[in-house]
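The values are calculated or read from the model by the stated rules, or taken from the named source; none is laboratory data. Since this is a predicted model, take the numbers as computed values, not measurements. Quick reminder, even Gly has a Cβ in these numbers, built from the backbone with ideal geometry, and neighbours come from all protein chains shown.
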Amino acid sequence: MVNCPQDWPWSSFRAIVGLAESPAWLHNYWLLSAFAKRKADAVDHYLKFVSDGLQQTSIWSDLKQPIYLGGDQLLKDVIPIRRTAAKAGISHCRTGSIADQSRAGSE
C-alpha cells in the first residue's frame, strides 16, 4: 500500500484532482458532481472527503476469522451455516482460511 492516494498508480485520484491527464473513459465530472456544482469547489470537497477517509480506522481491522468483515452477530449467524454446508458436502462453501487450505494441500 501507499501513504498518499496520489501515489497509488492504479487510482483515478490524480486525474480527478487534476494532477494527471484524465483518460477519455474516466468521467471525472460525474464523480465531482456529487461534491459540488463548481469544479474547483467539488475538487476541494473531494480532497477533504479522501483526507477524512484516511483518518478512519481501516475496515480490515474488523476482519474476523480471517475471512469475515462484520461484527460478532455475523459470526454467530454464519459459522453454523458454514458447518452445515460443509457436512452436506457443498463444495463451493469455503471452509477454513486460505492458510488452512494451503497447509492441507501440502500434506
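Observations
- Figure legend. Inter-residue proximity from segment 30-46: first residues outside any helix (DSSP H, G or I), second residues modelled with pLDDT of 95 or more and among the acidic types (Asp, Glu), beta-carbon distance below 9 Å, spacing 6+ or different chains. Indicated pairs: PHE35/ASP41; PHE35/ASP44; ALA36/ASP44.
- Residue in segment 82-99 that is modelled with the highest pLDDT, counting only those that are surrounded by fewer than 11 Cβ atoms within 10 Å (Cβ to Cβ) and within 25 Å of the chain's Cα centre (by Cα): HIS92
- Pairs, first charged (D, E, K, R) in segment 68-97, second modelled with pLDDT under 70, C-beta under 7 Å, six or more apart: ARG82/CYS93; ARG82/THR95
- Subset of segment 10-29 (residues that are closer than 17 Å to ASP44 by Cα and either part of a loop (DSSP other than H, G, I, E, B) or among the hydroxyl-bearing types (Ser, Thr, Tyr) (or both)): SER12, GLY18, LEU19, ALA20, TYR29
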